[in-house]
Amino acid sequence: MRKAFVNQLVEEAKHNDKIFLLTGDLGFHALEPFIEAYPDRFLNCGINEQAMIGLAAGLAMGGFNVYIYSIANFPSLRCIEQIRNDVAYPKLNVKIVSVGVGFAYSALGASHQATEDMGMMRAIPNMVICTPCDPSETTQIIAMSAKYDGPMYLRLGKAREKEVFEKVDEFEIGDFHAYQESDTPNALFVSGSIADYAVNWIKENQISTAIYSVPFVKPINQSQLKEIITRHSNIVVLEEHQLSCGLGSAIVEQANDMFANGMIPEYPKIHRIGIHDLFLHVCGTTPSLREKAFLTLDKGLFV
Amino acid sequence: MNSVELAKKIRLVTAEMVYKASASHIGGALSMADILAVLYADVLQFDPNNPSDDNRDRFILSKGHTCASYYATLGIMGYFPMSYLDGFAQEGSLLLEHTSHYVPGVELSTGSLGHGLPVGCGIAYGAKKLHKNYRTYVIVGDGDMEEGSNWEALLLGAQLKLDNLCLIIDYNKIQCFGRTNEIINLEPFKEKLDAFNWNCIELDGHDHDALRNAFKEAEQTKGKPTVILANTIKAKGWKSMEDTLFSHYHSPNDEEYKQLMEDLSK
């Protein structure tokens, strides 16, 4: 996904001379296409994320569309107050790109596992949050982000992710990305690179279900959600993030509010699959850590 | 209005605002009043009728809790009618007790310390990238300089050779719980700033000529940013409160206000 990000950013920068890329000394063997094409619009800030966010805010105040590249929790939790006060409050044009979220940096330990970042960002006003599921979706979303004037948090996988979903026509910020329709009560919502596992599992187990990629955890297209949960009464949400504050939470909150406000006549069953308030402290591959964190689908979830 | 007259007026207006609002932080608002006066009388390029003029110099107050004297300065300079200042810390007013970018003339909201300098670095770096001539000025407090983010920004500012950036440290040497050197000792302060490869000028932060000369030197210095280490006196001008911790919190009562206005009118 990082390759898809860099390649699309290079494309966008061809016709947008305000695009600027900062890194906190990460992205070796990833950012080179941009650095070589636009050396004057790239800066390695060194390992100082708090100052880097401030620097990005200052650049955005001068009219730049600033992308910040780093990994896992470094451009998010490490500098969350700078993001809130200096970027989100004045609604500046800063895009924070975190690569390798969830358990992508599996054996590097809890410090490198971004499993709470979405919750932190969700709470901040003016912030758009997006977790694409595959390289194509990443490409589309980076193109979308380049046109968007405001703060965004883009959670990406790492490298060599497979294409999961067929490319769809351009969609809007907040939209669900329908992969498979179904007449059954089942609908699976999945966010991020764990979508690959989910789609394969559904195929292998021959489950009849609608499948949606939900790249945006904030905002969520309410009318689309309403339409989906009116059609489907059994929703399964799978994400690589803490259960307390991620996509599942966002869906439940929205559904709850719609039900409370009388927008939907019945409340659907919503099964949330996410990390149960724990850190992992053992080595393992990404799939094995996902299993250890109970990020697995089960036939019992579907009707 | 020359800088001395402006400083006097800033102090009088600030005292009135803080008294009426029963607000805190008059000590730090008064300690930086001379720096504000010299900046706005003699240094900054700005047009109060066009606060977003692209060529304006950028000013950031990082120690946002002392915004009373900053707001007073903006009012005196004509960014808004002086009556607007009556709203300071009042219900429904935009004049919060920490600097807000919703106030005309303000670039950045601050309040949490350690934010002004990193953003100032970004503005100055952006100006260089855009080949713009405007300069960026940031006032920080000494307590502010205990934040790690400021030292990150000192590293960045030197690395990027931001000679269009000038940092002013309002070194009044008192913070929330007492003397700065007893809480987190910043000394040897000038040596540290020199070692971070900034052009460091130490001076009396109430000496207008010294300040003017330092700002001139900052403009002429090439290849590195300038930091003015301004030795100041907390609550400067309020005789009975000068250099006291109490002035960090205390708002003048009726009797004290009378004396304060007398002190400041001299």
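Values in this text are rule-based calculations from the coordinates and carry no lab data. This is a predicted model, so every value here is computed, not measured. Neighbour counts run over all protein chains shown; Cβ positions are idealised from the backbone, glycine included.
Would you please classify the overall shape of the range A:1-147 from the alpha carbon gyration tensor, given that a ≥ b ≥ c denote the square roots of the eigenvalues, rounded means a/c under 1.5, and beyond that prolate means a/b larger than b/c while oblate covers the rest?
rounded
In bins 10 Å wide, starting from 0, what share of all Cα pairs of the range A:149-208 does each bin hold, as a percent? That works out to 16, 48, 29, 6, 0, in percent per bin. Spin-label model, residue A:292/residue B:249: points 7 Å from Cα along the beta carbon direction are separated by 4.9 nm.
Fully extended, how many nm does the chain gain between residue B:2 and residue B:212 (0.36 nm per residue separation, minus their Cα-Cα distance)?
Stretched out fully, the residue B:2 to residue B:212 stretch lengthens by 74.4 nm.
Dipole of the range A:2-156 computed with +1 at Lys/Arg Cβ and -1 at Asp/Glu Cβ about the Cα centre; of A:89, A:68, A:115, farthest Cα towards the positive end is A:89.
Shown is the FRET efficiency for residue B:185 and residue A:183, computed with R0 = 56 Å from the Cβ-Cβ distance and rounded to the nearest 0.05: 0.20. With a Cα-only, solvent-free Debye model of the protein assembly as shown, what are the log10 I(q)/I(0) values at q = 0.12 Å⁻¹? Once normalised to I(0) and log-transformed, intensities are -1.08. Along its principal axes, the range B:123-266 has C-alpha extents of 54, 32, 22 angstrom, given from the largest down.
In vacuo Debye scattering of the range B:42-165, one point per C-alpha: log10 I(q)/I(0) at q = 0.19, 0.20 Å⁻¹? So the normalised log intensities work out to -1.05, -1.14.
Based on the Stokes-Einstein relation at 25 °C and a viscosity of 0.890 mPa s, and on the Kirkwood radius from alpha carbon pairs, the range B:128-199 is assigned a translational diffusion coefficient of 184 µm²/s. Overall dimensions of the range A:177-301, expressed as equivalent-ellipsoid semi-axes from the Cα gyration tensor (√(5λ), whole Å, largest first), are 25, 17, 12.
Applying a DSSP loop filter and a limit of 10 other Cβ atoms within 10 Å to the chymotrypsin sites (Phe, Trp or Tyr not before Pro) in the range A:2-75 leaves A:28. Mean separation of Cα pairs under 8 Å and 6 or more residues apart, divided by the residue count, gives the range B:3-265 a relative contact order of 24 percent. Among the trypsin sites (Lys or Arg not before Pro) found in the range A:144-208, those both in a DSSP coil and sparsely packed, with 13 or fewer other Cβ atoms within 10 Å of their Cβ, are A:160, A:162, A:167.
Between residue A:162 and residue B:50, what FRET efficiency follows from the Cβ-Cβ distance if R0 is 51 Å, with the result rounded to 0.05?
0.40
Mean residue ellipticity at 222 nm, helices only, chain A: -9000 deg cm²/dmol; runs of at least 4 DSSP H residues each add -39,500 (n - 2.57), and the sum is divided by the number of residues.
Cα-Cα over 24 Å: which of B:129/B:222; B:9/B:234; B:173/B:216; B:9/B:224? Before the final figure, lay out each step's value.
Working: B:129/B:222 16 Å; B:9/B:234 18 Å; B:173/B:216 26 Å; B:9/B:224 34 Å.
Among B:129/B:222; B:9/B:234; B:173/B:216; B:9/B:224, the Cα-Cα distance tops 24 Å for B:173/B:216; B:9/B:224.
When the chymotrypsin sites (Phe, Trp or Tyr not before Pro) in the range B:72-112 are filtered for DSSP coil states and for at most 13 other beta-carbon atoms within 10 Å of their beta-carbon, the remaining sites are B:102.
Only four residue types carry charge here, +1 at the Cβ of Lys and Arg and -1 at the Cβ of Asp and Glu. Report the dipole size of the range B:3-265 about the Cα centre in Debye, rounded to the nearest 20. If you can, show how the numbers build up before the last one.
Numbers: 24 positive and 36 negative charges, 150 e Å.
Rounded to the nearest 20 debye, it is 720 debye.
Calculated on the Cα set of chain A, radius of gyration then Dmax: 18.7, 56 Å. Distance from the Cα centre of the range A:170-188 to that of the range A:76-108, in angstrom? Answer, in whole Å: 27.
Given Cα pairs under 8 Å that are at least 6 residues apart, what percent is the relative contact order of chain A?
Dividing the mean separation by the residue count of chain A yields 16 percent.
Give me Rg/Rg_expected for the range B:3-265, where Rg uses Cα atoms only and Rg_expected = 2.2 N^0.38 Å with N residues.
Here the answer is 0.94, to two decimals.
Taking a virtual spin label 7 Å from the Cα of residue A:266 along the C-beta vector, which residues in the range A:285-303 bring their backbone nitrogen under 17 Å of it? Flagged as within label range: A:302-303.
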